[in-house]
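Visitor: Questions regarding the structure given below will be posed in turn.
Just so it is clear, none of the values below were taken in a lab; they were calculated from the coordinates. Values in this document were obtained by computation on a predicted structure and should not be read as measured data. Cβ placement follows ideal geometry from the backbone for every residue including glycine, while neighbour counts extend to all protein chains displayed.
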Amino acid sequence: MSGARWQPPLVSPIEPNGHRWTDWLFSFFWLRLAFFLSVVHERIPGLFANGRHPLEYMDDHAFFSFDASNTLTVQRYHQLPAWNPYWCGGTVGIAGPEDNFFGADILLRLLFDVGIARHMLAIVGLLLAAEGTYRLARSMGSSGLASTGAALIYMINSTVYPLWLGNGFLNFVLGFGLLPWVLWCFIQGIERPGYRYLGGFFFAWIFVHAGTYPAPYTLLTIGFLTISLAILMRNEGERAWAKPFVSAIVLGAVFLVLAQAKFLPLVMFLKQFSRTWLPIEQLPAGTILGVFSAAHVPLLILAGLAPLTRDRWAVVCALGAGLFFVVSMGDFDPLSPYHLLKQLPLFKQLRTPERHVILVLLFLACGAARFVTVLEDTVARFVSWLFGVDSVGELPAPIRVTSVLAGTLAVALAIGPRYTQMLKDATTQFASVAFTFEPPRHMGGEFRQHRGNRRDGHIFPAINAGSIACITGIPVTQSRLLRGDLAQEEYPLDPALATVRRVRWTPNEIELDVQARRATRVLINQNHHKYWRSSVGAVVSHQGLLAIDVPAGRHRVRLRYVDRPMQIGIAISLLGLAWLSVVAAAYARRRWRKLRATFASPASPSGGKPPLVAVAVAEEPKEPEEPPSPTDVASGPDQVSAVDDADVAVIDEPRIESAGSPAAEQGETIVASRDEEADSESIAVEPPRSPSAETPSGETTPPATPPREDHDE
Amino acid sequence: MTLAAHPVVVRSRAILASLWAHADRSWGAAEKPRSRAGVVLLLAAQVVALVVFYRQAKQTLGPLIRTPALPPIPATTSMTRFGMTETVRREIFRELAESEIAERQRAISQNTWNGHAWSRFDDLGYVQRARGRELALRYSVSLTQVYLVLDEGIRERWPGPDGQPLSALVEPLQLRTE
């Protein structure tokens, strides 16, 4: 009979070990998603109404404009939005920090109207936040119930999410929604290489989706977790401390490759323009605490009590919450974490330290989940004690099943109302999320510059006009000569010397017929940028305006915006994606073969390689799989055949030991496979798992993954 | 053949045994099934879960996705442009110009932003936006139409209340650093 060994309730190892059958009830991905969706629908109804409307706040209108101009550039002009003529009189597109073009959610914007896509993006961001937090909490060993609670807290109860949603900062909503996914992959990646790639993908998604704040915060959080876990794992085997570093480095490398399409052009942009932010920002602790409402008190209590159990994940979460709380207080001292962060190249351009509260909340949610899990397990452990058995797993099945259910129900009844109260509290905070502002109405026609208004930026792309009046996070150079009243947007500096006629206009390419009696200058009613190239003459800056010096004569001038760093970046990212696709395909193939092997072999409830739920079926976040026991591996010809079929069959014969072999007796688990990435089937002789192991603090803990015991009820 | 040995019964028992084994082991978590029957049942359960999600998504996201688009700006006719007569357009422009002139005067008289030119121009946008919404309501037109009228008035150099056209220039971006 399998089961977690009896353990002193105050001690938990860092690896997940608190398994309970009720977790199975939470393991259905689509059901969870339906539940999270229903909560979002119930608590933030504004997201589901007025499909094409923007929010009232002006920043939402600017972001709406970026999305609309990107979509327009792709759909009408069939170009990548490298240059954005619809904002500021022309500015960089993809290279801009606020541009989100390369986000995987681009499909939403291409398939639906921009307004609808932005609503859906907010919903997707929240669902990602919930599901990612659920997986993160589960990877810390928290129960399904506790992890669901953590997910709801992070998704709905974050006091910063309402602000971001209400202001239209969907890049934050999505970015911070993806952050738990990166952390989950990082933690899983400590033992399972495949997750490092996936984590890199999520991190790159955060970055390319205008991850101005979410990306650096993710980096910071991974750094914190890497160091914390390395310290906590230092006694868990040879070079165990290095595993978190390996996971972080590989994840970071994959991120760097995939994000190049945005990374390279952005770096070039930041070299050209930088942000100056002089105020020293600091907030008293009381102000940060004020972010939490009375409804958050149960959360703070649960998360505060968790470290008392000496659960190591709870300690990590408490440290994380504490650290980022202090970071949120800003630059209050030359040695304050925020001050030190501001010395770093990437971080020095950031402001508003209180945004780190989102990380405080994430760690509080996960920390509270650990304590809820301990409470949940208490009933079954108490029953075990009553029956005088060492392990919950040794209880008679009906009693075991009932006691676990009783624990889950008891905790749900005790804590559920508090969490519900938090959700109700959130409703008032989300009241500002109302998409009630009038959407733009479309009008065709040639592109021209409008004097514009950055507060209604969403209006202009719809009428194929640029808004010269604008704002950007990082100030770009804007020419004084930009005008909103020109009869034609391309014109000669001296009308007596030349005539100019627009032949073709697209955001990144303009064709002009120029007839010049003498060498002269042609002006374009857009800002100059060094990446503009001309087929005739030379591109110059005329008081910041884009201009071409053309020779005398009649010319067909072709003006193109060529962002080489972006092109190089895209090439690198595509190669990375292709490589990742190959890895994913190989992985899927292996999974499919294993599934087929399951069907090929006779039904055998207890035998064989661990089969899998395939492919398209979304599945439970991976617990570190229990390695098959020696008896499992060497249980008979059927199994060897199945294993062979499953592409994990290069069984290193001499290494296979029977249950009674010396290796098995020493507790070595032998698993065989063709390559390292075969999940739990990787070729490895795992280190001996003694019934108990020493924690760094000298506590005795049970093995992280207790050996499975066959049983016949 | 006894009933217990009947293939259907044997098969059913095997499935039940598989299920029970699965549930029983599940103190050890949401374990993956280890038999064909287990896999099939789990797949079936996942399909049911997917159907539940689909229904939920259809109910909540359906109306959002089907939100009708606003009609485009009406085409120009001999009497109207942007769906308005010239008289209405000139009235709207005059009111916009009036509020702009008033805001420029206020900025100078109150020395707003200590003379920071871009910030003052940005304030102008704030006023323009508020007036634009008000005019859109009053004339039963869209905000888009109001901005089109502003554009037309600036291009055509329609005179404002002071007899002067509005400037077509903007103050270049110069963010405040404090």
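Visitor: Using a basic spin-label model with each label point 7 Å from the Cα along Cα→Cβ, how many nm lie between A:S535 and A:L344?
Guide: Those two pseudo-labels are separated by 4.7 nm.
Visitor: Sticking with this one: List, in order, the whole-Hz ³J(HN,Hα) value for each residue of the stretch A:29-43 obtained from phi through the Karplus relation with A = 6.51, B = -1.76, C = 1.60 and θ = phi - 60°; use x for Gly and Pro.
Guide: 3, 5, 5, 4, 4, 4, 5, 4, 5, 5, 5, 4, 5, 6, 8
Visitor: Neighbour counts of other C-beta atoms within 10 Å: give me A:D23, B:D122, A:D485, A:D390 arranged from fewest to most.
Guide: Least to most surrounded, the residues fall as A:D390, A:D485, B:D122, A:D23.
Visitor: Calculated FRET efficiency, B:A44 and B:R11, Cβ-Cβ r, R0 25 Å, to nearest 0.05?
Guide: 0.95
Visitor: Normalise the Cα radius of gyration of the stretch A:305-454 by 2.2 N^0.38 Å (N = residues in it) and let me know the number.
Guide: Dividing the Cα radius of gyration by 2.2 N^0.38 Å gives 1.70.
Visitor: Each residue of the stretch A:447-463 in order: what ³J(HN,Hα) in whole Hz does its phi give by Karplus 6.51 cos²θ - 1.76 cosθ + 1.60, θ = phi - 60°, with x for Gly and Pro?
Guide: Each residue of the stretch A:447-463 in turn: 5, 8, 8, 9, 4, x, 7, 5, 6, 10, x, 5, 5, 6, x, 5, 9 Hz.
Visitor: Taking neighbour counts of Cβ atoms within 10 Å as a proxy for exposure, in what order, fewest first, do A:F172, A:F347, A:F460, B:F121 appear?
Guide: Lowest count first: A:F347, B:F121, A:F172, A:F460.
Visitor: Okay, next question. Give the dimensionless ratio obtained when the Cα radius of gyration of the stretch A:482-566 is divided by 2.2 N^0.38 Å.
Guide: That works out to 1.00 for the stretch A:482-566.
Visitor: Follow-up question, since we're still on this one. Using the alpha carbon gyration tensor of the stretch A:200-241, what are the three equivalent-ellipsoid semi-axes (square root of 5 times each eigenvalue), largest first, in whole Å?
Guide: Output for the stretch A:200-241: semi-axes of 29, 10, 4 Å.
Visitor: Using a 10 Å cut-off around each Cβ of peptide A:438-446, what is the average number of partner chain Cβ atoms that fall inside?
Guide: 6
Visitor: Next up: Please compute, for peptide A:37-46, the average count of beta-carbon atoms on other protein chains lying within 10 Å of each residue's beta-carbon.
Guide: For this peptide, the per-residue mean of nearby foreign Cβ atoms is 2.
Visitor: Over the stretch A:386-503, what relative contact order in percent results from Cα pairs under 8 Å that are six or more residues apart?
Guide: Values: 85 pairs, mean separation 18.3, N = 118.
The normalised contact order for the stretch A:386-503 reaches 16 percent.
Visitor: Turning to a different aspect of this structure: Pull out the extension gain between A:S293 and A:L486, defined as 0.36 nm times the separation in residues minus the alpha carbon to alpha carbon distance; nm, one decimal.
Guide: Extra length from A:S293 to A:L486 when fully extended: 64.1 nm.
Visitor: Could you work out the relative contact order of the stretch B:80-155, using alpha carbon pairs under 8 angstrom and six or more residues apart, expressed as a whole percent?
Guide: Once normalised by length, the contact order is 39 percent.
Visitor: Tell me, what is the percent relative contact order of the stretch A:136-207, built from C-alpha pairs under 8 Å that lie six or more residues apart?
Guide: 28 percent
Visitor: Continuing with this model, one more query. So for A:L47, A:L364, A:L108, fewest C-beta neighbours within 10 Å to most, what's the order?
Guide: A:L108, A:L47, A:L364
Visitor: Kindly express, to the nearest 10 degrees and within the range 0 to 90, the angle between helix B:86-109's C-alpha long axis and the longest C-alpha principal axis of chain B.
Guide: 80 degrees
Visitor: Taking R0 as 51 Å, what FRET efficiency do you get between A:L107 and A:A496 from their Cβ-Cβ distance, rounded to the nearest 0.05?
Guide: Details: r = 51 Å, r/R0 = 1.01.
Efficiency at R0 = 51 Å is approximately 0.50.
Visitor: What are the ³J(HN,Hα) couplings of the stretch B:64-72, residue after residue, when phi is run through the Karplus curve with 6.51, -1.76, 1.60 and θ = phi - 60°? Round to Hz, x for glycine and proline.
Guide: Values per residue, Gly and Pro as x: 5, 5, 8, 4, x, 7, 6, x, x Hz.
Visitor: Using the alpha carbon gyration tensor of the stretch B:80-155, what are the three equivalent-ellipsoid semi-axes (square root of 5 times each eigenvalue), largest first, in whole Å?
Guide: Each semi-axis is √(5λ); the values are 26, 11, 10 Å.
Visitor: Which residue fluctuates the most in chain B, going by a Gaussian network model with Cα springs under 10 Å, if the choices are B:L135, B:L43, B:L143?
Guide: Among B:L135, B:L43, B:L143, the largest GNM mean-square fluctuation belongs to B:L43.
Visitor: Within the stretch B:98-115, which residues have the backbone N less than 16 Å from the label spot 7 Å out from B:Q164 along Cα→beta-carbon, could you tell me?
Guide: Counting backbone N atoms under 16 Å from the label point, the list is B:98-109.
Visitor: Let me confirm one metric for peptide A:458-467, namely the mean number of other chain beta-carbon atoms within 10 Å of its residues' beta-carbons.
Guide: 3
Visitor: Here is a further query. Based on the Cβ-Cβ distance from B:T2 to A:F382, what FRET efficiency comes out when R0 is 41 Å, to the nearest 0.05? Kindly include the intermediate steps, with their values, before the conclusion.
Guide: Values: r = 45 Å, r/R0 = 1.09.
Calculated value: 0.35.
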